[in-house]
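Here is the structure we will look at, set down as structure tokens.
The values are calculated or read from the model by the stated rules, or taken from the named source; none is laboratory data. Quick caveat, the model's predicted, so the values are computed rather than measured. Quick reminder, even Gly has a Cβ in these numbers, built from the backbone with ideal geometry, and neighbours come from all protein chains shown. These accessible areas exclude ligands, DNA and RNA; they are computed on the full protein's heavy atoms, side chains included. Shrake-Rupley method; radii C 1.70, N 1.55, O 1.52, S 1.80 Å.
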Amino acid sequence: MSDLPSYDFAIIGGGIAGAGVAAMLDQEARVLLLEKEDRPGYHSTGRSAAIFIQNYGSPEIRALNKASYPFLNSPPADFAEAGFLSPRGMMLIAGADGEAALNEEIMQGEGLVRLSPQEATEIVPLLKAQNIKAATYEKNAQDIDVAALHQAFLRQAGRTGTALQTEAELQQAQQQGNGLWHLKTSVGGFTARVVINAAGAWADQIAELCGVEPVGITPLRRSMAVLPSPSDHDPDTWPLVADVMEHWYMKPDAGRLLVSPSDEIPVAPHDAFVDDLVLAEGLYAFEQATEYPVTRVKNQWAGLRCFSPDRNPVVGFDPDNPTFFWLAGQGGYGIQTAPALSELAADLVQRRSLKNWMTQDLISGLSPDRFRET
């Protein structure tokens with residue numbers, strides 16, 4: 001019999017996904033949270049400029065958005081003292097090449113108001129009206145306090161007994177004849193009945209380490225520049241503004257402007273850094289659409305947004321190993337769907353009764369089974 005510390009669930013990855021499911025598991029469960037960095041949330045979670053947008057993503061993502069909103073807006077009193085959302089709004093604009101795409105967004109979305117070019121520039125005076133062919137505004141888009149949400153998940157997990165191990169890179173995983181996982185990490189060994197793969201960009205690598213077939217999680221790099229506030233405007237009340245064809249987007253942030261080229265460059269899992277040429281192209285597109293000449297970049301960073309082949313998250317037990325659970329591929333939706341995805345994952349992995357919103361269509365649309373049908 002092993003004398004290693006033993007757990008019911010070993011969660012690989014301490015970002016928003018791993019912290020969220022740890023917080024939602026039953027208090028009686030013995031839970032281990034393994035994070036290979038010196039602090040949880042170092043990669044994608046810690047580099048997210050998240051905003052809650054109901055009209056964003058596939059039907060499955062939109063269902064998760066809807067289910068997450070009450071928690072984000074008004075969490076249980078024993079979880080957080082205040083909500084994680086604050087007013088922002090979002091404007092989509094289209095040039096000559098984007099009118100059809102913007103019309104499609106309006107048809108598919110809820111609560112979108114069409115704007116004239118002049119109305120768009122009244123809201124965000126930095127925009128050039130002559131370059132806008134069409135625009136729409138979503139009032140209910142809201143900023144998310146990512147750090148506060150992540151820390152609240154970690155606190156809740158700690159209150160229910162989760163053991164957090166940092167600088168604990170998984171090096172070897174072997175399943176014994178009795179089904180128990182023996183996990184070798186850089187800080188020692190552990191055993192667990194179930195492995196929950198919440199490793200973000202490294203999710204496929206963790207699967208292979210555990211002898212499980214990957215599902216095709218692809219990390220895509222997203223770059224961001226921090227620009228000084230325009231001298232003749234106060235941008236703090238402006239909405240996020242995005243080119244509907246995803247050439248760039250801009251988000252006000254504490255007196256600064258965050259500007260991204262909306263890049264999605266496939267890369268290997270790594271500590272992401274900015275590609276200067278890609279960032280320069282995005283800033284040029286931003287300059288062409290606005291009255292803001294970019295003369296100085298205060299800061300810049302890059303993060304990894306990780307997608308499955310169909311761009312939906314992967315949530316559920318692996319069809320070939322009922323003790324290996326996927327919680328990966330959240331892409332650009334991981335923060336705003338975190339409450340619902342965490343609750344769904346916790347219910348599925350513990351085989352608890354499912355909530356009414358956890359429909360079979362939703363579960364099937366997220367299940368790893370969909371990549372093994374052939």
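Taking every lysine pair in the chain that is 8 or more places apart or spans two chains, those with Cα atoms closer than 28 Å amount to 10. From helices alone, the chain scores -7500 deg cm²/dmol at 222 nm; the rule is -39500 (n - 2.57) for each run of n ≥ 4 DSSP H residues, then divide by the residue total. Between rounded, prolate and oblate, where does the range 1-66 land on the alpha carbon gyration tensor, with a ≥ b ≥ c its root eigenvalues, rounded for a/c under 1.5, else prolate if a/b exceeds b/c? It is oblate, given that a/c is not under 1.5 and a/b is not larger than b/c. Overall, the ratio between the Cα radius of gyration of the range 175-310 and 2.2 N^0.38 Å, rounded to two decimals, is 1.44. Taking Cβ atoms as reference points and 13 Å as the exclusive limit, the residues near PRO239 contribute a net charge of -3, counting Lys and Arg as +1 and Asp and Glu as -1. Rounded to the nearest 20 debye, the dipole size of the range 205-358 about its Cα centre is 460 debye, using +1 on the Cβ of Lys and Arg and -1 on the Cβ of Asp and Glu.
Each label was represented as a point 7 Å from its Cα along the Cα-to-Cβ direction; for ALA101 and ARG155 these points are 4.0 nm apart. Using Cβ point charges alone (K and R +1, D and E -1), the dipole size of the chain about the Cα centre works out to roughly 580 debye.
Share of antiparallel DSSP beta bridges in the chain, in percent to the nearest 5?
Values: 52 of 72 bridges.
If I count the DSSP bridges inside the chain, around 70 percent turn out antiparallel.
Looking at the range 1-157, the DSSP beta bridges with both ends there are about 80 percent antiparallel. Entry for the range 138-205 at q = 0.20 Å⁻¹: log10 I(q)/I(0) = -1.02, Debye formula applied to identical alpha-carbon scatterers, no solvent contribution. In the chain the longest region clear of chymotrypsin sites (Phe, Trp or Tyr not before Pro) that are loop-assigned by DSSP and have at most 16 other C-beta atoms within 10 Å covers 80-272. Using a Gaussian network model on the chain with a 10 Å cutoff between Cα atoms, which of ASP78, ASP143, ASP38 fluctuates the most? Residue with maximal mean-square fluctuation among ASP78, ASP143, ASP38: ASP78. Compute the whole-percent fraction of alpha carbon pairs in the range 239-279 spaced more than 14 Å apart. In whole percent, the share of Cα-Cα pairs in the range 239-279 beyond 14 Å is 56. The 1.4 Å probe gives accessible areas that order MET107, MET245, MET24, MET224, largest first, as MET107, MET245, MET24, MET224. When you work out D = kT/(6 pi eta Rh) for the range 273-374 at 37 °C and 0.692 mPa s, using the Kirkwood radius from C-alpha pairs as Rh and the Stokes-Einstein form, the result is 198 µm²/s.
For the chain, what is the accessible area per residue in Å², given a 1.4 Å probe and the full set of protein chains?
For the chain, the per-residue accessible area is 44 Å².
The GluC sites (Glu not before Pro) of the range 1-102 meeting both criteria, a DSSP state outside H, G, I, E and B (loop) and at most 13 other C-beta atoms within 10 angstrom of the site's C-beta, are GLU28, GLU81.
Take the Cα atoms of the range 318-362, build their convex hull, and give its volume per residue in Å³.
Working: hull volume 4.1 nm³, N = 45.
Residue-normalised Cα hull volume stands at 91 Å³.
Look at [x] 58, 25, 18; [y] 39, 21, 19; [z] 51, 27, 18: the one that is semi-axes √(5λ) of the Cα gyration tensor in Å derived from this structure is [y]. The order of SER44, SER308 by accessible area, most exposed first and with a 1.4 Å probe, is SER44, SER308. Over the range 1-121, the hull volume per residue, using the convex hull of the C-alpha atoms, is 185 Å³.
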